[in-house]
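The values are calculated or read from the model by the stated rules, or taken from the named source; none is laboratory data. Nothing here was measured: the structure is a model prediction, and the numbers come from that model. Note: ideal-geometry Cβ built from the backbone for every residue, glycine included; neighbour counts use all protein chains shown.
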Amino acid sequence: MNQRRVHSWWSQWTVVGGTCAPPASAPRNRFERALDVYTSLTAPFLRGCFVFLTVAVAVAVTEVLGSTYGLLAQAAFFLLAGGYCLANFARCREAHCIVTGIGWPALAFASLGAVVAGRDIRSAAWVAFVAIALAGYGFEALWRAARGTNALRLGEG
């Protein structure tokens, strides 16, 4: 993985591709190599300070495209971001990634359901996106306070 290891929360947000996660072990199989490739490709857009620009572009695109296509683009973004978090969790075990990795894809499916139902939930979905991020990072802060690490490994400590 090409994510750079940093040692503080501030650095995690100001270093592009910075992560406070423990380094991932060497990939043992094709699936882990695929996860590493995916996280390497998406990390520059979804980690650190560039995530704000990425989200701003995604919000703008969903507004320009309108209700149906905007919701489809929004769902795609939520799946990409959630997929990154699930891949990152599988390889690095960052605690927030279990929350965001489940929450954002669920939000993508809710957006797809809204397309089918003919409802426009773009604004509410963005609020939910931020709420899931806050819940994930809140969970990680509590985990780090209790365990001294942001790596979610059950049975340790």
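Within the stretch 46-63, residues that are over 17 Å from Trp104 (Cα atoms) reach partners that are at pLDDT 95 or above and surrounded by 15 or more Cβ atoms within 10 Å (Cβ to Cβ) with beta carbons closer than 6 Å, at six or more positions or on different chains, in the pairs Val61/Ala73.
Scanning the stretch 120-140 turns up at least one residue that is among the basic types (Lys, Arg) and in a helix (DSSP H, G or I). For the criterion of being in contact with a Lys or Arg (Cβ under 7 Å, 6 or more places away or on another chain) and buried (at least 20 other Cβ atoms within 10 Å of the Cβ), Leu107 fails. When we screen Leu86, Leu80 for residues that are closer than 28 Å to Arg147 by Cα, modelled with pLDDT of 95 or more and part of a helix (DSSP H, G or I), the only hit is Leu86.
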